[in-house]
Amino acid sequence: MIPSTAVITAVVAIVCYLGTLTTASNVANLDNAHQFNTLCKLIRFPEATLTLFASDADPEPDYTDVLQLNMSVATDNWKTQLSVGKKGARTADIAKKFSLTTQEIDQTWKNHWDKWIEAHDAVKDPNKQPDTIKKLHLNKLDAAQHAQASMLIRQAAAAAEELYIEAQALKEQTSKVTPVTAKTTLTQAVYGATATAAAYDNSKAWTAYNNNRGTACDDTKATSAAATLLCLCAKAAADQVDEPCVKTQTASSTWTTGSTNDLTTNFNEILGHCPKIGNFQLTSSILKQITNDIRQAIRINSNVGFLGAVVTSTCSGTSSHGVCVKHNSYTAETASHKGKVKWLDDLEDLAIKLDNQEQEIFIFNQIAAAIKTGRKSAFKTPQIMRAYTKPQPSRTVSSKTDTGDSTATKKKKEGAEEKCNKKDKGTECKTPCKWNDKAEDPKKRCTSSEKAKKNRKGRKRRNNKMEEQILKEKRNASKRKKEGDCTGNCKWDGKECRDFSFLANKKNSSDVFFPYA
């Protein structure tokens with residue numbers, strides 16, 4: 001039976017479809033374009049003129065200025081002792097000069113002794129002092145102003161000293177990684193561990209290179225970024241992918257397994273698709289982005305990591321197997337990654353060092369700025385102190401004196417009292433005098449109204465005391481009475497007889513005093 005046209009057409013369609021599926025599973029053009037773009041940036045770094053984030057701050061001049069200013073207002077005794085001091089003096093000599101023990105000469109003395117000597121020598125001759133100090137005219141401050149200025153400047157110097165110590169400790173950390181050391185790391189990661197220049201060398205880019213692409217493109221041999229680029233982008237001689245990395249890829253030299261012994265031409269053709277970089281500042285964030293992109297592009301298949309497009313488990317460079325680099329025992333666990341891509345590990349370590357250095361630089365810059373601010377404040381102190389006047393002692397008044405009377409007022413009152421006393425008849429004793437028939441001294445029956453008022457107050461106080469004494473005696477007497485005898489103003493409270501007659505003598509409730517509450 002001859003198949004019908006419809007059946008033949010269907011079979012052909014199925015075969016074509018299956019062919020399409022097979023083709024679709026192979027490595028296709030631009031499958032490695034993302035990895036190529038990342039490697040492109042990295043491989044151009046060693047050629048560039050590299051700079052790093054660095055600090056241009058220098059706290060030394062500001063700190064020196066503060067020390068010199070502090071020395072300018074130091075005591076004569078301190079200046080005298082430093083005048084015979086020498087830089088580089090031994091601890092024992094310093095201790096002897098200042099009558100201290102060697103234990104009292106702490107690290108502050110040791111760290112700053114030479115700077116103290118330098119500061120003293122810079123200001124000891126008023127005619128040779130720095131202009132910044134001459135302009136302050138410290139000799140025109142009076143004693144109180146000078147004392148206040150000295151105290152504030154000493155405080156500023158102490159603060160600057162603490163900051164300077166911190167800055168010195170950080171300074172070394174701000175330049176551990178230099179453009180030269182960074183470029184060395186980049187060059188070795190890109191072109192091989194023994195590379196010294198930004199140029200491809202087949203013997204350095206690979207470890208024990210052989211011309212068999214299937215065995216060369218694994219983690220034991222493709223040990224540089226340059227070798228990785230070749231494994232991902234070089235064309236194979238047969239079953240090749242024409243454009244694995246770049247659209248309209250012009251790199252036409254092929255890598256023929258078994259016969260291509262040097263890949264310099266292949267590498268240079270592929271790198272030609274990458275634009276060169278001129279001046280470039282390398283930062284931790286830029287490098288981290290590149291290393292993260294490469295690390296995240298590695299795909300895991302049966303505990304093997306593949307960077308690049310793969311179909312089977314072999315990176316032979318063909319479309320039916322894979323255009324890739326194979327990393328054995330590379331699993332999803334991060335612990336398995338270390339050491340599998342050595343050149344990538346080195347770049348990640350460099351990114352961490354740059355990050356730490358950039359943080360130290362930031363802190364160093366802040367400290368330097370604080371010292372500069374402290375220097376400005378210290379040098380403004382003398383000007384501010386010129387407006388300072390010593391506080392006058394406050395006037396205190398004795399509690400025993402009449403705060404309303406001055407000496408002149410007292411004399412005036414005494415004169416008025418004498419005039420009143422001279423009048424010996426009531427008809428003559430008129431305002432502002434007052435007549436008192438009961439005066440103890442007959443010569444002082446006529447007295448000034450102010451004096452009379454004081455006398456009345458005195459009599460009232462005496463009368464009140466007598467009244468209180470009488471009431472006290474009555475209460476004591478009432479306590480001795482028995483319950484049957486407790487009558488009248490006395491009342492029995494359950495325990496004893498008490499006298500409440502004093503309540504009747506009070507004019508209103510606000511005057512009542514309860515002695516037995």
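The values are calculated or read from the model by the stated rules, or taken from the named source; none is laboratory data. This structure is a prediction, so every number in the text was calculated from the model and none was measured. Note: ideal-geometry Cβ built from the backbone for every residue, glycine included; neighbour counts use all protein chains shown.
The rows are residues; the columns are (1) at positive phi; (2) at pLDDT 95 or above; (3) in contact with a helix residue (DSSP H, G or I) (Cβ under 8 Å, 6 or more places away or on another chain).
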| residue | (1), (2), (3) |
| --- | --- |
| 4 | no, no, no |
| 16 | no, no, no |
| 22 | no, no, no |
| 27 | no, no, no |
| 37 | no, yes, no |
| 42 | no, yes, yes |
| 48 | no, yes, no |
| 51 | no, yes, yes |
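Limited to region 77-86, what total is found for residues that are surrounded by fewer than 17 Cβ atoms within 10 Å (Cβ to Cβ) and in a helix (DSSP H, G or I)?
First pass over region 77-86, keeping only residues surrounded by fewer than 17 Cβ atoms within 10 Å (Cβ to Cβ): 77-81, 83-84, 86.
When the remaining residues are screened for being in a helix (DSSP H, G or I), the result is 77-81, 83.
Number satisfying all stated conditions: 6.
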Worksheet item: In region 153-177, what residues are over 17 Å from residue 372 (Cβ atoms), of a type in the set (D, E, K, R) and in contact (Cβ under 8 Å) with a residue 40 or more places away in the chain?
Response: 154, 176
Practice prompt. Output yes when any residue across region 227-250 is over 17 Å from residue 39 (Cα atoms), among the β-branched types (Val, Ile, Thr) and surrounded by fewer than 21 Cβ atoms within 10 Å (Cβ to Cβ), and no when none is.
Written response: yes
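Mind checking which residues of region 124-142 are surrounded by 14 or more Cβ atoms within 10 Å (Cβ to Cβ) and without any contact (Cβ under 8 Å) to a residue 24 or more places away in the chain? Break it down into steps so the answer makes sense when it comes.
From region 124-142, those surrounded by 14 or more Cβ atoms within 10 Å (Cβ to Cβ) are 124, 129-130, 133-134, 136, 138, 141; that's our starting set.
Passing the criteria: only 134.
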Worksheet item: Which of the residues spanning region 120-136 are over 36 Å from the mean Cα position of the chain (by Cα) and part of a loop (DSSP other than H, G, I, E, B)?
Response: 124, 125
Response to the item:
Matching residues in region 288-318 (of a type in the set (Gly, Ala, Ser) and farther than 21 Å from residue 226 by Cα) number 2
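For the structure I just gave you, tell me whether residue 371 is among the β-branched types (Val, Ile, Thr), outside the structural domain of residue 214 (by TED's automatic domain parsing) and modelled with pLDDT of 95 or more. Explain how you work it out, then say what you get.
Working: among the β-branched types (Val, Ile, Thr): yes; outside the structural domain of residue 214 (by TED's automatic domain parsing): yes; modelled with pLDDT of 95 or more: yes.
In short, yes.
Conditions tested, residue by residue: (1) surrounded by fewer than 18 Cβ atoms within 10 Å (Cβ to Cβ); (2) farther than 25 Å from residue 220 by Cβ; (3) of a type in the set (S, T, N, Q).
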{"site": "168", "(1), (2), (3)": "yes, yes, yes"}
{"site": "172", "(1), (2), (3)": "yes, yes, no"}
{"site": "177", "(1), (2), (3)": "no, yes, no"}
{"site": "193", "(1), (2), (3)": "yes, no, no"}
{"site": "198", "(1), (2), (3)": "yes, no, no"}
Fill in: Leading residue by the ranking (farthest from residue 251 (Cα to Cα)) among those in region 262-285 that are part of a loop (DSSP other than H, G, I, E, B) and aliphatic (A, V, I, L, M)
277
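Take the residues of region 303-335 that are free of Cβ contacts under 8 Å to residues at least 12 places away in the same chain and of a type in the set (S, T, N, Q): which is farthest from residue 184 (Cα to Cα)?
The first filter runs over region 303-335 and keeps only residues free of Cβ contacts under 8 Å to residues at least 12 places away in the same chain, leaving 312, 333-335.
Now narrow it down to the ones that are of a type in the set (S, T, N, Q): 312, 334.
Details: 312: 37, 334: 27 Å.
Going through the qualifying residues, I end up with 312.
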Discussion item. Just to be sure before I move on: is residue 110 modelled with pLDDT of 80 or more, among the basic types (Lys, Arg) and over 30 Å from residue 312 (Cα atoms) in the structure I sent?
Written reply: no
Discussion item. Given (1) among the hydrophobic types (A, V, I, L, M, F, W, C); (2) at pLDDT below 70; (3) in the same structural domain as residue 151 (by TED's automatic domain parsing), identify the lone condition not met by residue 408.
Written reply: (3)
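Going through 74, 57, 95, 89 one at a time, which residue ends up being at pLDDT below 80, assigned to a loop (DSSP other than H, G, I, E, B) and either closer than 26 Å to residue 379 by Cα or aliphatic (A, V, I, L, M) (or both)? Working first, answer last.
On the way: 74 fails: at pLDDT below 80; 57 fails: at pLDDT below 80; 95 fails: assigned to a loop (DSSP other than H, G, I, E, B).
None of the other options fit; the residue is 89.
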Worksheet item: Under 9 Å by Cβ, and 6 or more places apart or on different chains, what pairs join a residue from region 364-385 that is farther than 16 Å from residue 161 by Cβ with one that is assigned to a helix (DSSP H, G or I) and among the charged types (D, E, K, R)?
Response: 364/166; 364/171; 376/62; 379/65; 382/140
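Residues checked against (1) closer than 23 Å to residue 265 by Cβ; (2) in the same structural domain as residue 316 (by TED's automatic domain parsing); (3) modelled with pLDDT of 95 or more:
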residue: 121; (1), (2), (3): no, no, no
residue: 127; (1), (2), (3): no, no, no
residue: 139; (1), (2), (3): no, no, no
residue: 143; (1), (2), (3): no, no, no
residue: 148; (1), (2), (3): no, no, no
residue: 160; (1), (2), (3): no, no, yes
residue: 182; (1), (2), (3): no, no, yes
residue: 189; (1), (2), (3): yes, no, yes
Item to complete: Within region 104-123, identify whether any single residue is over 30 Å from residue 365 (Cβ atoms) and either exposed (fewer than 14 other Cβ atoms within 10 Å of the Cβ) or aliphatic (A, V, I, L, M) (or both), and answer yes or no.
Response: yes
